[in-house]
1. Quote the charge dipole size of region 7-167 about the Cα centre in Debye, to the nearest 20; the model charges only the Cβ of Lys and Arg (+1) and of Asp and Glu (-1).
2. Place the peptides 234-246, 274-286 in order of packing, highest mean first, counting for every residue the other Cβ atoms within 10 Å and averaging per peptide.
3. What does the highest-first list of 37-49, 207-219 look like by mean Cβ count within 10 Å?
4. Just to verify a number: FRET efficiency for residue 247 and residue 64, C-beta to C-beta distance, R0 = 22 Å, to 0.05?
5. At 0.36 nm per residue, minus the direct Cα-Cα distance, what do residue 203 and residue 286 gain on full extension? Give it in nm, one decimal, please.
6. With every protein chain left in place, what is the accessible area per residue of region 7-167 in square angstrom, probe 1.4 Å?
7. Tabulate in residue order the Karplus-calculated ³J(HN,Hα) for region 80-90, using 6.51 cos²θ - 1.76 cosθ + 1.60 with θ = phi - 60°, rounded to whole Hz; enter x for Gly and Pro.
8. Give me the base-10 log of I(q)/I(0) for region 179-289 at each q in 0.15, 0.19, 0.22 Å⁻¹, Debye formula, one uniform scatterer per Cα, rounded to two decimals.
Amino acid sequence: MKIIPPAFEIIAPSFGSSFYFSKYVENANSKAHLWHYHPEIELVFVNGGSGKRQIGSHISYYTDGDLILIGSNLPHCGFTNEETGNKNETVIQMKPDFLGNGFFDISEMTNIRNLFSQAKAGIAFHGETKKNIGKKIESMEQQPQFERLLTMLSILNELELSKEGTVLNADGFSMEMQMQDNDRINAVFNYVKDNFHEHITLEEVSELVSMTEPSFCRYFKKITNKTFTKFVNDYRLVHASKLLAEKPISITEICYESGFNNFSYFNKSFKEFTGKSASQYRQELRSVLK
(Lines give C-alpha, C1' and ligand atoms only; values in the text may rest on other atoms or scores of the structure.)
Protein backbone atom coordinates (compact mmCIF):
# COMPACT_ATOMS: atom_id res chain seq x y z
CA MET A 1 0.00 0.00 0.00
CA LYS A 2 1.33 3.40 -1.00
CA ILE A 3 1.23 5.80 1.97
CA ILE A 4 1.97 9.50 1.55
CA PRO A 5 2.45 11.21 4.92
CA PRO A 6 0.45 14.40 5.46
CA ALA A 7 2.34 17.65 5.12
CA PHE A 8 2.39 20.19 7.93
CA GLU A 9 3.84 23.29 6.30
CA ILE A 10 6.05 25.66 8.31
CA ILE A 11 5.80 29.20 6.92
CA ALA A 12 8.23 32.02 7.61
CA PRO A 13 7.11 35.63 6.98
CA SER A 14 8.72 37.49 4.08
CA PHE A 15 11.85 39.41 5.09
CA GLY A 16 10.95 42.61 6.95
CA SER A 17 7.24 41.71 7.00
CA SER A 18 4.69 40.27 9.44
CA PHE A 19 3.25 37.97 6.77
CA TYR A 20 4.43 35.84 3.85
CA PHE A 21 4.09 37.11 0.27
CA SER A 22 5.27 35.24 -2.83
CA LYS A 23 4.56 35.43 -6.54
CA TYR A 24 5.18 32.41 -8.76
CA VAL A 25 5.49 32.48 -12.54
CA GLU A 26 2.94 30.13 -14.15
CA ASN A 27 3.11 26.72 -12.40
CA ALA A 28 6.34 27.28 -10.45
CA ASN A 29 4.71 26.71 -7.01
CA SER A 30 6.44 23.49 -5.93
CA LYS A 31 3.96 22.86 -3.09
CA ALA A 32 1.03 22.45 -5.46
CA HIS A 33 0.99 18.63 -5.56
CA LEU A 34 0.49 17.82 -1.85
CA TRP A 35 -2.46 18.07 0.52
CA HIS A 36 -1.12 20.20 3.36
CA TYR A 37 -2.25 22.43 6.21
CA HIS A 38 -0.82 25.22 8.33
CA PRO A 39 -2.04 27.60 11.06
CA GLU A 40 -1.71 30.56 8.67
CA ILE A 41 -4.72 31.96 6.80
CA GLU A 42 -3.95 31.84 3.06
CA LEU A 43 -5.08 34.11 0.22
CA VAL A 44 -4.30 32.82 -3.28
CA PHE A 45 -4.77 34.60 -6.60
CA VAL A 46 -4.29 32.54 -9.76
CA ASN A 47 -4.09 34.90 -12.73
CA GLY A 48 -5.85 33.10 -15.60
CA GLY A 49 -6.01 29.45 -16.50
CA SER A 50 -8.14 26.62 -15.19
CA GLY A 51 -7.62 23.79 -12.73
CA LYS A 52 -8.73 21.85 -9.66
CA ARG A 53 -9.78 23.52 -6.44
CA GLN A 54 -9.32 21.14 -3.48
CA ILE A 55 -10.07 22.61 -0.06
CA GLY A 56 -11.28 20.58 2.91
CA SER A 57 -13.75 18.03 1.55
CA HIS A 58 -14.71 20.41 -1.29
CA ILE A 59 -13.40 19.57 -4.77
CA SER A 60 -14.31 21.59 -7.86
CA TYR A 61 -12.95 22.88 -11.16
CA TYR A 62 -12.28 26.58 -11.79
CA THR A 63 -11.93 28.47 -15.08
CA ASP A 64 -10.43 31.89 -15.86
CA GLY A 65 -8.24 32.00 -12.76
CA ASP A 66 -9.15 31.87 -9.09
CA LEU A 67 -9.20 33.95 -5.90
CA ILE A 68 -9.45 31.86 -2.74
CA LEU A 69 -9.26 32.50 0.99
CA ILE A 70 -8.38 29.47 3.12
CA GLY A 71 -8.78 29.41 6.88
CA SER A 72 -6.29 28.31 9.52
CA ASN A 73 -5.44 24.56 9.46
CA LEU A 74 -7.93 23.87 6.65
CA PRO A 75 -6.31 21.12 4.54
CA HIS A 76 -5.92 21.97 0.85
CA CYS A 77 -4.02 21.07 -2.28
CA GLY A 78 -2.26 23.46 -4.65
CA PHE A 79 -4.21 25.09 -7.47
CA THR A 80 -1.80 25.12 -10.40
CA ASN A 81 0.17 22.58 -12.42
CA GLU A 82 1.72 22.30 -15.89
CA GLU A 83 -1.77 22.10 -17.46
CA THR A 84 -3.28 25.16 -15.76
CA GLY A 85 -2.22 27.77 -18.31
CA ASN A 86 -2.07 30.59 -15.76
CA LYS A 87 0.16 33.67 -16.08
CA ASN A 88 1.24 33.59 -12.45
CA GLU A 89 0.12 32.71 -8.92
CA THR A 90 0.38 34.96 -5.87
CA VAL A 91 0.24 33.47 -2.37
CA ILE A 92 -0.19 35.48 0.84
CA GLN A 93 -0.11 33.70 4.23
CA MET A 94 -0.64 35.25 7.65
CA LYS A 95 -1.17 33.96 11.17
CA PRO A 96 -4.62 34.86 12.61
CA ASP A 97 -2.80 37.12 15.13
CA PHE A 98 -0.07 38.33 12.74
CA LEU A 99 -0.51 41.92 13.97
CA GLY A 100 -0.36 40.99 17.64
CA ASN A 101 -2.77 39.71 20.28
CA GLY A 102 -6.00 41.66 20.34
CA PHE A 103 -5.41 43.76 17.20
CA PHE A 104 -8.35 42.21 15.35
CA ASP A 105 -10.57 42.63 18.43
CA ILE A 106 -10.78 46.41 17.99
CA SER A 107 -14.03 47.73 16.47
CA GLU A 108 -12.41 48.88 13.21
CA MET A 109 -11.40 45.28 12.48
CA THR A 110 -14.91 43.77 12.82
CA ASN A 111 -15.17 43.04 9.08
CA ILE A 112 -11.81 41.30 8.91
CA ARG A 113 -12.57 39.31 12.06
CA ASN A 114 -15.81 38.12 10.44
CA LEU A 115 -13.95 37.25 7.23
CA PHE A 116 -11.40 35.12 9.10
CA SER A 117 -14.26 33.26 10.74
CA GLN A 118 -15.95 32.55 7.38
CA ALA A 119 -12.61 31.47 5.90
CA LYS A 120 -12.61 28.41 8.18
CA ALA A 121 -14.74 26.76 5.48
CA GLY A 122 -12.79 28.24 2.54
CA ILE A 123 -14.16 31.00 0.27
CA ALA A 124 -13.84 31.39 -3.53
CA PHE A 125 -14.42 34.86 -4.98
CA HIS A 126 -15.58 35.51 -8.54
CA GLY A 127 -16.78 38.29 -10.87
CA GLU A 128 -15.47 41.84 -10.45
CA THR A 129 -14.15 41.02 -6.97
CA LYS A 130 -11.75 38.43 -8.37
CA LYS A 131 -10.64 40.81 -11.12
CA ASN A 132 -10.20 43.94 -8.98
CA ILE A 133 -8.70 42.28 -5.90
CA GLY A 134 -6.40 40.22 -8.14
CA LYS A 135 -4.89 43.44 -9.52
CA LYS A 136 -4.39 44.83 -6.00
CA ILE A 137 -2.72 41.60 -4.85
CA GLU A 138 -0.29 41.67 -7.76
CA SER A 139 0.50 45.37 -7.18
CA MET A 140 1.73 44.48 -3.67
CA GLU A 141 4.87 42.92 -5.16
CA GLN A 142 6.33 46.39 -5.89
CA GLN A 143 5.15 48.08 -2.70
CA PRO A 144 7.33 48.93 0.34
CA GLN A 145 6.52 46.91 3.47
CA PHE A 146 4.27 49.44 5.24
CA GLU A 147 2.22 50.20 2.12
CA ARG A 148 1.95 46.46 1.44
CA LEU A 149 0.49 45.92 4.91
CA LEU A 150 -2.10 48.69 4.40
CA THR A 151 -3.06 47.18 1.03
CA MET A 152 -3.42 43.78 2.68
CA LEU A 153 -5.81 45.14 5.32
CA SER A 154 -7.79 47.01 2.65
CA ILE A 155 -8.09 43.82 0.56
CA LEU A 156 -9.34 41.78 3.53
CA ASN A 157 -11.95 44.44 4.33
CA GLU A 158 -13.15 44.52 0.69
CA LEU A 159 -13.42 40.73 0.59
CA GLU A 160 -15.68 40.73 3.65
CA LEU A 161 -17.94 43.34 2.03
CA SER A 162 -18.08 41.52 -1.32
CA LYS A 163 -21.27 39.72 -2.36
CA GLU A 164 -19.29 37.63 -4.87
CA GLY A 165 -17.95 34.97 -2.52
CA THR A 166 -18.92 31.29 -2.31
CA VAL A 167 -18.32 29.30 0.89
CA LEU A 168 -16.75 26.06 -0.33
CA ASN A 169 -17.50 23.75 2.60
CA ALA A 170 -20.94 25.23 3.28
CA ASP A 171 -22.39 21.77 3.93
CA GLY A 172 -20.03 21.26 6.85
CA PHE A 173 -16.42 20.39 7.53
CA SER A 174 -15.02 19.99 11.03
CA MET A 175 -12.27 22.59 11.07
CA GLU A 176 -11.66 22.49 14.81
CA MET A 177 -9.62 19.32 14.61
CA GLN A 178 -6.89 17.99 16.85
CA MET A 179 -3.44 17.61 15.29
CA GLN A 180 -3.99 13.83 15.14
CA ASP A 181 -7.17 14.42 13.11
CA ASN A 182 -5.32 16.73 10.72
CA ASP A 183 -2.68 14.06 10.17
CA ARG A 184 -5.29 11.36 9.70
CA ILE A 185 -7.50 13.26 7.26
CA ASN A 186 -4.51 14.48 5.26
CA ALA A 187 -3.21 10.92 4.96
CA VAL A 188 -6.61 9.90 3.56
CA PHE A 189 -6.78 12.89 1.18
CA ASN A 190 -3.27 12.23 -0.13
CA TYR A 191 -4.06 8.55 -0.60
CA VAL A 192 -7.17 9.38 -2.66
CA LYS A 193 -5.21 11.94 -4.71
CA ASP A 194 -2.57 9.36 -5.63
CA ASN A 195 -4.82 6.33 -6.12
CA PHE A 196 -8.20 7.57 -7.40
CA HIS A 197 -7.51 6.01 -10.83
CA GLU A 198 -7.66 2.59 -9.17
CA HIS A 199 -10.31 0.78 -7.15
CA ILE A 200 -10.02 1.99 -3.53
CA THR A 201 -11.49 -0.24 -0.82
CA LEU A 202 -12.65 0.78 2.63
CA GLU A 203 -10.41 -1.93 4.01
CA GLU A 204 -7.20 -0.41 2.65
CA VAL A 205 -8.01 3.17 3.61
CA SER A 206 -9.15 2.12 7.12
CA GLU A 207 -5.90 0.22 7.54
CA LEU A 208 -4.01 3.35 6.42
CA VAL A 209 -5.26 5.27 9.47
CA SER A 210 -5.34 2.25 11.84
CA MET A 211 -9.12 2.14 12.27
CA THR A 212 -11.82 -0.47 11.76
CA GLU A 213 -14.01 0.05 8.68
CA PRO A 214 -17.17 1.06 10.66
CA SER A 215 -15.13 3.46 12.85
CA PHE A 216 -13.46 5.00 9.80
CA CYS A 217 -16.80 5.51 8.02
CA ARG A 218 -18.27 7.27 11.06
CA TYR A 219 -15.11 9.33 11.57
CA PHE A 220 -14.86 10.45 7.93
CA LYS A 221 -18.54 11.43 7.77
CA LYS A 222 -18.24 13.38 11.03
CA ILE A 223 -15.21 15.36 9.83
CA THR A 224 -16.20 15.98 6.20
CA ASN A 225 -20.00 15.64 6.23
CA LYS A 226 -19.57 13.28 3.25
CA THR A 227 -19.33 9.52 2.99
CA PHE A 228 -15.92 8.30 1.88
CA THR A 229 -17.47 6.86 -1.30
CA LYS A 230 -18.98 10.25 -2.21
CA PHE A 231 -15.68 12.01 -1.56
CA VAL A 232 -13.82 9.63 -3.90
CA ASN A 233 -16.54 9.92 -6.57
CA ASP A 234 -16.48 13.73 -6.35
CA TYR A 235 -12.70 13.66 -6.75
CA ARG A 236 -13.03 11.47 -9.84
CA LEU A 237 -15.76 13.65 -11.34
CA VAL A 238 -13.71 16.83 -10.91
CA HIS A 239 -10.76 15.09 -12.52
CA ALA A 240 -13.06 14.13 -15.40
CA SER A 241 -14.11 17.82 -15.68
CA LYS A 242 -10.44 18.77 -15.90
CA LEU A 243 -9.77 16.18 -18.63
CA LEU A 244 -12.83 17.30 -20.60
CA ALA A 245 -11.41 20.83 -20.65
CA GLU A 246 -7.76 20.00 -21.23
CA LYS A 247 -7.40 16.77 -23.21
CA PRO A 248 -8.69 15.99 -26.73
CA ILE A 249 -9.57 12.40 -25.85
CA SER A 250 -12.89 10.56 -26.03
CA ILE A 251 -15.40 10.70 -23.18
CA THR A 252 -15.06 6.92 -22.83
CA GLU A 253 -11.32 7.30 -22.25
CA ILE A 254 -11.97 10.11 -19.75
CA CYS A 255 -14.39 7.84 -17.86
CA TYR A 256 -11.73 5.15 -17.35
CA GLU A 257 -8.84 7.59 -16.78
CA SER A 258 -10.87 9.14 -13.97
CA GLY A 259 -11.22 5.84 -12.11
CA PHE A 260 -14.70 4.78 -13.23
CA ASN A 261 -15.11 1.26 -14.59
CA ASN A 262 -18.73 1.63 -15.74
CA PHE A 263 -19.51 4.13 -18.52
CA SER A 264 -23.26 4.41 -17.88
CA TYR A 265 -22.63 4.98 -14.14
CA PHE A 266 -20.05 7.65 -15.03
CA ASN A 267 -22.55 9.44 -17.33
CA LYS A 268 -25.28 9.36 -14.69
CA SER A 269 -22.93 10.55 -11.91
CA PHE A 270 -21.45 13.33 -14.05
CA LYS A 271 -24.89 14.71 -14.92
CA GLU A 272 -25.96 14.62 -11.25
CA PHE A 273 -22.73 16.37 -10.23
CA THR A 274 -22.65 19.14 -12.89
CA GLY A 275 -26.24 19.27 -14.16
CA LYS A 276 -24.93 18.57 -17.68
CA SER A 277 -23.88 15.57 -19.73
CA ALA A 278 -20.12 15.17 -20.27
CA SER A 279 -20.40 16.14 -23.96
CA GLN A 280 -22.52 19.22 -23.14
CA TYR A 281 -20.08 20.22 -20.38
CA ARG A 282 -17.12 19.96 -22.77
CA GLN A 283 -18.89 21.96 -25.47
CA GLU A 284 -19.91 24.78 -23.07
CA LEU A 285 -16.47 24.90 -21.46
CA ARG A 286 -14.76 25.19 -24.84
CA SER A 287 -16.86 28.25 -25.66
CA VAL A 288 -15.97 29.80 -22.26
CA LEU A 289 -12.24 29.12 -22.62
CA LYS A 290 -11.96 30.45 -26.19
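The values are calculated or read from the model by the stated rules, or taken from the named source; none is laboratory data. Everything numeric in this text was worked out from a predicted model, so none of it was measured. Reconstructed Cβ throughout: ideal geometry from the backbone, glycine too, with neighbour counts over all protein chains shown. Quick note on the areas: whole protein, heavy atoms, side chains included, nothing else; ligands and nucleic acids left out. Shrake-Rupley method; radii C 1.70, N 1.55, O 1.52, S 1.80 Å.
1. Details: 14 positive and 19 negative charges, 25 e Å.
Dipole about the Cα centre, nearest 20: 120 debye.
2. Working: 234-246: 20.8, 274-286: 14.8.
The densest-packed peptide leads the list: 234-246, 274-286.
3. Numbers: 37-49: 22.1, 207-219: 14.9.
Descending packing order for the listed peptides: 37-49, 207-219.
4. Working: r = 19 Å, r/R0 = 0.86.
Once the sixth-power term is evaluated, E becomes 0.70.
5. Details: separation 83, 0.36 × 83 = 29.88 nm, distance 3.98 nm.
Taking 0.36 nm per residue and subtracting the Cα distance, the gain is 25.9 nm.
6. Details: 6820 Å² over 161 residues.
In whole numbers, region 7-167 has 42 Å² accessible per residue.
7. 10, 8, 5, 9, 5, x, 7, 6, 6, 9, 10
8. Each listed q maps to, in turn, -0.69, -0.95, -1.13.
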